[in-house]
Amino acid sequence: DGGITQSPKYLFRKEGQNVTLSCEQNLNHDAMYWYRQDPGQGLRLIYYSQIVNDFQKGDIAEGYSVSREKKESFPLTVTSAQKNPTAFYLCASAGTIGANVLTFGAGSRLTVL
Amino acid sequence: SQKIEQNSEALNIQEGKTATLTCNYTNYSPAYLQWYRQDPGRGPVFLLLIRENEKEKRKERLKVTFDTTLKQSLFHITASQPADSATYLCALDWGMTTDSWGKLQFGAGTQVVVTP
């Protein structure tokens, strides 16, 4: 079945540590995205990538980094510079025709201890 | 900056009734307006989209309207069922323009609770 796989589902991190969230898709989509979701707020865009080896900052990129070395993969690193990293992180992908209909992964919940 | 407002209070509704959710936005009308469903601890799932030149769109028990004059979309779930209980998100989509490529803007969502 085609879809997006995020891992891990739950992650605990100590302050000062970097962590990397994995996102893999087999939908052959060109575009991939990372969103952050906090209670009572809409999804906020962290980074997005339209093609391999290219990505752009979203609205809240500070303290995060990404790479897009393969079409299928778009990992997100939450660095120690991110001041409030505890959140639910969602990866999504979309084709490039017409509307930007997103397919989301199941999410990764990061908790900083 | 663009703002999107959805009812923050949960909508409690009896099974069989119609649930109506609102999505209001400011500034510019998007090329498309999308609706997603999100269950607790899961990623959103796409339900419907409506284009700026469409007034109404239906899919099974779901109906979406889009009024660019009022800057509002309404989302209806008819003959609601307990399985419809979830949070529903609206998203503004400006389509494949250079500046907005892939950058949907989401509302915070409205929780719907359908009781038997």
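Worth pointing out:
- The distance separating the Cα centre of the range B:6-32 from that of the range A:38-68 comes to 26 Å.
- Per-residue mean of foreign Cβ neighbours for A:42-49 is 4 (Cβ atoms of other chains, 10 Å radius).
- Among the chymotrypsin sites (Phe, Trp or Tyr not before Pro) within the range B:45-82, not one is in coil by DSSP while having at most 15 neighbouring Cβ atoms inside 10 Å.
- Segment A:Asp38-A:Asn53, extension gain: residue separation times 0.36 nm, minus the distance between their alpha carbons: 2.5 nm
- The largest-to-smallest principal axis extents of the Cα set in the range B:1-114 are 43, 30, 22 Å.
- Virtual spin-label span in nm between B:Asn12 and A:Lys9, 7 Å along Cα→Cβ: 3.0 nm
- Net charge of Cβ neighbours under 10 Å - reference B:Ser80; Lys, Arg +1; Asp, Glu -1: 0
- Per principal axis, descending, Cα span of chain A in whole Å: 41, 25, 24
- Nearest-20 debye value, the protein assembly as shown charge dipole, Cβ charges on Lys, Arg, Asp, Glu: 200 debye
- For chain A, a simple Cβ point-charge model (Lys and Arg +1, Asp and Glu -1, everything else neutral) yields a dipole of about 300 debye relative to the Cα centre.
Every number in this text was worked out from the coordinates using simple rules, so none of it is lab data. If you're wondering where the values come from, they're calculated on a predicted model, not measured in any experiment. Ideal geometry is used to build each Cβ from the backbone, glycine not excepted, and the neighbour counts take in all protein chains shown.
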